[in-house]
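Note sheet for the following structure.
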Amino acid sequence: MNDPTRKIRLLMELRRQGISDTAVLGAMERVPREAFVEKSFADQAYENIALPIMQGQTISQPYIVAYMTQALRPDPRVKVLEIGTGSGYQTAVLARLFRRVYTIERFRSLSETAAERLEQMKLRNITARTGDGYLGWPEQAPFARIIATAAAADIPETLIDQLDEGGILVLPVGERSDDQEILRVTKLPYDVRIERLIKVRFVPMVKGTVD
Ligand code: SAH
């Protein structure tokens with residue numbers, strides 16, 4: 001089966017799985033996932049599965065990318081912070097839906113590869129840097145939206161601090177890899193609202209950077 005056919009099949013599958021936001025489906029259609037996977041996995045780029053990337057990390061399953069993006073309530077007027085650039089695939093999807101994307105990755109090699117790739121795609125509303133996502137991006141805070149694509153044991157307090165009032169944080173949380181769920185955290189004037197969404201399996205969020 002060729003790429004366009006596979007891609008259409010994947011988009012239909014995402015709809016069946018409950019992705020109904022047409023802007024999200026449009027972004028998923030326009031971002032070439034084959035450009036973000038290792039060459040040896042290129043033939044599986046439009047399968048609805050996570051795939052390995054360098055440094056023992058993974059490019060997330062398309063369904064999970066679409067699901068978290070939809071849960072984040074995309075808004076072309078606001079900026080979003082992403083923790084865990086990885087391949088840059090989720091970053092590219094966000095770039096099509098938000099005014100500007102700030103993305104942080106703890107492995108310098110992954111961060112630099114992703115930044116080059118995104119540059120080549122002429123996605124110019126992205127700022128990428130190597131750093132520890134637990135610290136957020138204080139110089140650019142507050143953010144209307146924050147998404148993390150690595151699982152922390154608890155909701156990092158710093159990320160709540162860097163959220164606008166009314167802002168939304170979507171992230172996987174769980175101590176063990178077989179016991180994680182996606183949370184949507186909405187910042188209220190004196191409190192947060194926490195919604196528990198779906199069970200997932202992500203690589204862990206780890207403190208510190210790797211050069
Ligand atoms: N959205 C990415 C997912 C990559 S996996 C994609 O679809 O390709 C999650 C990434 O989070 C990994 O690359 C991992 O190195 C990174 N990560 C883990 N802990 C981090 C931290 N504290 N700060 C920044 N990045 C982190």
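The values are calculated or read from the model by the stated rules, or taken from the named source; none is laboratory data. Predicted model only: the values in this text are computed from it and were never measured. FYI the Cβ positions are ideal-geometry reconstructions off the backbone, even for glycines, and counts take in every protein chain you see. Side chains are part of the model used for accessible areas, which takes the heavy atoms of the whole protein and leaves out ligands, DNA and RNA. Shrake-Rupley method; radii C 1.70, N 1.55, O 1.52, S 1.80 Å.
Rolling a 1.4 Å probe over the heavy atoms of the protein chains gives the stretch 129-191 an accessible area of 43 Å² per residue.
If R0 is 41 Å, the Cβ-Cβ spacing of Ile160 and Thr5 corresponds to a FRET efficiency of close to 0.40.
Taking loop as defined by DSSP and a crowding limit of 16 other beta carbons within 10 Å, which trypsin sites (Lys or Arg not before Pro) in the stretch 11-63 fit? List each step's numbers first, then the result.
Details: sites: Arg15, Arg16, Arg30, Arg33, Lys39; in loops: none.
Qualifying residues, ordered by number: none.
Only loop residues by DSSP count here, and only those with at most 15 other Cβ atoms within 10 Å; note down the trypsin sites (Lys or Arg not before Pro) in the stretch 81-155 that meet that.
Hits after loop and neighbour filter: Arg99, Lys122, Arg124.
Of all the options Ala42, Ala71, Ala148, the one that moves most in a Gaussian network model of the chain with Cα springs shorter than 10 angstrom is Ala42. The distance from the alpha carbon centre of the stretch 74-151 to that of the stretch 157-198 is 18 Å, rounded to a whole number.
How many Lys pairs in the chain lie less than 23 angstrom apart by Cα atoms, where the lysines are 8 or more positions apart or on different chains?
6
Comparing Glu139, Glu29, Glu38 in a Gaussian network model of the chain (Cα springs below 10 Å), the most mobile by mean-square fluctuation is Glu139.
The long axis of helix 3-16 is offset from the longest Cα principal axis of the chain by roughly 40 degrees. Using a 1.4 angstrom probe on heavy atoms only, work out the carbon and sulfur share of the accessible area of the stretch 64-200 in %. About 45 percent, which is the carbon plus sulfur part of the accessible surface. The loop-placed trypsin sites (Lys or Arg not before Pro) in the stretch 153-204, going by DSSP, that have at most 10 neighbouring Cβ atoms within 10 Å of their Cβ come out as Arg176.
Normalised by the number of residues in the stretch 28-173, the mean separation of alpha-carbon contacts (under 8 Å, six or more apart) gives a relative contact order of 21 percent. For the modelled label position 7 Å from the Cα of Arg124 along Cα-to-Cβ, which residues of the stretch 84-113 have backbone nitrogen atoms closer than 18 Å? 92, 95-102, by backbone N distance to the label point. The angle between the Cα long axis of helix 108-120 and the longest principal axis of the Cα atoms of the chain comes to about 60 degrees, rounded to the nearest 10.
Answer rounded, prolate or oblate for the chain, using the Cα gyration tensor with square roots of eigenvalues a ≥ b ≥ c: rounded when a/c is under 1.5, else prolate when a/b is larger than b/c, else oblate.
Verdict is rounded for the chain.
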